[in-house]
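The values are calculated or read from the model by the stated rules, or taken from the named source; none is laboratory data. Treat the numbers as computed from the prediction; the structure is a model and nothing was measured. A quick note on method: Cβ atoms are made from the backbone with ideal geometry, for glycine too, and the neighbour counts reach across all protein chains shown. Quick note on the areas: whole protein, heavy atoms, side chains included, nothing else; ligands and nucleic acids left out. Shrake-Rupley method; radii C 1.70, N 1.55, O 1.52, S 1.80 Å.
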Amino acid sequence: MSDKKKLAPKEPSTRVQKTFFTEEMKKDYTILVPDMLPIHFKLIIKIYEKYGYKMELLTNTSRNVIDEGLKNTHNDTCYPALIVIGQFMDALKSGKYDLNKVALIMSQTGGGCRASNYIHLIRKAVSSQFPQVPVLSLNFSGLEKNPAFPMTPAIALRLIYAVLYGDMLMLLYNQCKPYEVVPGSTDKLLARWQHRMGKLFDTKTGYTHTKRIYKAMLRDFAALERTSEKKPKVGIVGEIYVKYSPLANNHLNEFLLEEGCEPNVPGLLDFVLYCASDPINDRLLYGIFDKSTVLYTIGYDILYKFQKQQIKVIEEHGVFQPPHDFEHLRRCADKYIHQGVKMGEGWLITAEMAALAETGTENIICTQPFGCLPNHIVAKGSARVIKQAYPNANIVAIDYDPGATKVNQENRIKLMLANARL
C-alpha cells in the first residue's frame, strides 16, 4: 500500500495562488474598480485618494466584456460574476495598463451568495493569465485582511457617508433629470456636487455635517429649471449588481429616461441595512448571540438614524419624494415573506416591490440575472401576491444573461410601458 501511494499520480491542485498587495505597491499601482454604482463609487474613489491610493472606475462596455466573462468563468456562474470578471479581464488585455503596476478590487458582504465568492472567482480567472495582479477585498466584516489595504475606523466612517451622499445624489438626479428644461443641466449639477463632496472628504469633519449638506443639495437641485408635466414612475429592483450597474443592465436608467419615464431606484443604504439586520434576525430566529451580534445591532441603529434624518430633511424641504423608511420596508416584507429568507437580496426584493406599489410607483422592473437563484425564486414568487394586493401594480421581470439581447430586453420594457400608469 505504501508503494502504491508513492506511485499514484498526484491530484492537480485547485488552490489559486494569491498575490498580495504590499505597502510598496501603494505609491504607483492603479486599482481598477468595477462599474456598479457610478455615483457612489466616484465618491469612494475620492475617499481612497485621500489615503494615497490611486483608483480608476472602469467604463469598458463592449461585447468583448461578456466574451471574456464567458471564457474565464464556468458556464453556470451567475451573470453578475461573469460581467465583473469579463470587465476586469477585458481591461487587463486592453493594453491601457502596466500589468506590473495594476490591481483589482471587489467588495465582499460576508453573505452566503456570490457577494462573498466573487473575489475567489476573480483570482482564479486572473491568476491563469496575469498571476502578478493582486485582487483586493473591500469588506467591513474582516473576511480578508491586508495590512497595505486596511479598513480603519476613519476609512469606514467616510465610506458610510459616501453611501448616504451617493443615495441622496442618485435620488435627486432621478427626480430632476426627466423634467430638466436645459438639456444636460442635471448632469452638470451632479458632477459639481461629486467634485464638492470629494473636497469635503479631504477635510477632517466637513463631510459629517449631513443636515447642512443635504439642505444645500436639495436647494441646488430644486433650483434647476424643470417642467411641470407628469411622467410615469418606474421602479427598479432586483439583484444588487444588475439593479445598479449600467454595464450589467444595458443602461436601463438611461433607457427609461429616453422613454419619458422617471426612474425610481432604491438606495444602497437599504441593502447595507438589510445586511446589518441579518445577524439581528438570526438572534431572534436561532438564539445566536455573540460579539458580532452586538456590533451589528449598534451599527444598524446608527445607520437607521442616519436614514431617518435624511428622510426628515427631504420631507421638510417638501419638493422631492424621500426614500422608504427601512423599518417600513421590513413591515412590507412581513406581509408576504419571512425575514429569515436572506440569501442574496432575499426578502429585500419583495419589500421594495411592495413599498413601491404602495407609494404610487406601480410600474416596476425586476432585474433578474442568469444564475441568481434567490432573485428568481423570491422575486417571481412574490410578484403574483403583490399584484393581488395592489391590482394596479405593473410588474415585469427582465432577464439579463450572456445570450439576451438589448433589443429584446428593451422591447419587453416598452411593452410594459405601454400599460404604464402615472
### Full-extension gain in nm, residue 17 to residue 295, via 0.36 nm per residue minus C-alpha separation
96.8 nm
### Query
Highest GNM mean-square fluctuation, the chain, Cα pairs closer than 10 Å: which of 91, 354, 223?
223
### Query
Which of 318, 344, 235 moves the most in a Gaussian network model of the chain with Cα springs under 10 Å?
318
### Message
Taking mean projected area of the Cα convex hull in nm² straight from the coordinates, which label in (1) 53.7; (2) 23.9; (3) 37.4 is the correct one?
### Response
(2)
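Per residue, how much accessible area does the chain have with a 1.4 Å probe, in Å²?
Details: 19810 Å² over 422 residues.
Averaged over the residues of the chain, the accessible area is 47 Å².
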#### Entry: Calculated from backbone phi, Karplus (6.51, -1.76, 1.60) coupling profile of region 263-277 in Hz, x at Gly/Pro
x, 10, 10, x, x, 5, 4, 4, 5, 4, 5, 4, 5, 5, 7
### Query
Measuring from the lowest to the highest alpha carbon on each principal axis, how far does region 18-81 reach, largest first, in angstroms?
39, 30, 18
### Message
For region 185-200 and region 26-43, what is the centre-to-centre distance using only Cα atoms, to the nearest Å?
### Response
17
## Note on the structure
log10 I(q)/I(0) for region 324-410, Debye formula on C-alpha points only (no solvent), q = 0.11, 0.26 Å⁻¹, two decimals, reads -0.30, -1.31
### Query
Within straight cross-link reach of residue 305, meaning Cα distance under 20 Å, which aspartates and glutamates are found once same-chain residues fewer than 8 apart are removed?
167, 270, 278, 315, 316, 325, 327, 352
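Sequence gap at least 6, Cα distance under 8 Å: using those rules, report the relative contact order of the chain to the nearest whole percent. Don't skip to the answer; put the middle values down first.
Details: 615 pairs, mean separation 66.1, N = 422.
Relative contact order of the chain: 16 percent.
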### Task
Have a look at 320, 306, 289 and tell me which one the Gaussian network model of the chain (Cα, springs below 10 Å) gives the largest fluctuation.
289
### Query
Taking Cα atoms, how many degrees apart are the long axis of helix 346-358 and the longest axis of the chain, rounded to 10 and kept between 0 and 90?
10
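Express the carbon and sulfur contribution to the solvent-accessible surface of the chain as a percent, rounded to the nearest whole number, probe 1.4 angstrom. Each step should come with its number before you reach the end.
Working: 10970 of 19810 Å².
In the chain, the share of accessible area belonging to carbon and sulfur is 55 percent.
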### Query
Quick one, what does Rg over Rh come out to for region 337-385 if you take C-alpha atoms and the Kirkwood Rh?
0.95
## Note on the structure
One would report the Cα pair-distance distribution of region 244-314, bin width 5 Å, in %, as 3, 14, 16, 16, 12, 13, 12, 8, 4, 2, 0
### Task
Can you tell me the 0 to 90 degree angle between the C-alpha axis of helix 153-176 and the longest principal axis of the chain, rounded to 10?
40
#### Entry: Under 29 Å from the Cα of residue 101 - lysines, other chains or at least 8 residues apart
18, 26, 27, 42, 46, 50, 54, 71, 93, 124, 145, 199
### Summary
Cross-link reach from residue 406 to aspartates and glutamates, straight Cα distance under 14 Å and at least 8 residues apart if same chain, gives 254
### Task
Mind pulling the angle between the C-alpha long axis of helix 406-417 and the longest principal axis of the chain? Nearest 10 degrees, somewhere in 0 to 90.
30
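Starting from region 305-352, pick out the trypsin sites (Lys or Arg not before Pro) whose DSSP state is loop and whose Cβ has at most 14 other Cβ atoms within 10 Å.
Details: sites: 305, 308, 312, 330, 331, 335, 342; in loops: 335, 342.
Here the sparse-neighbourhood loop sites are 335.
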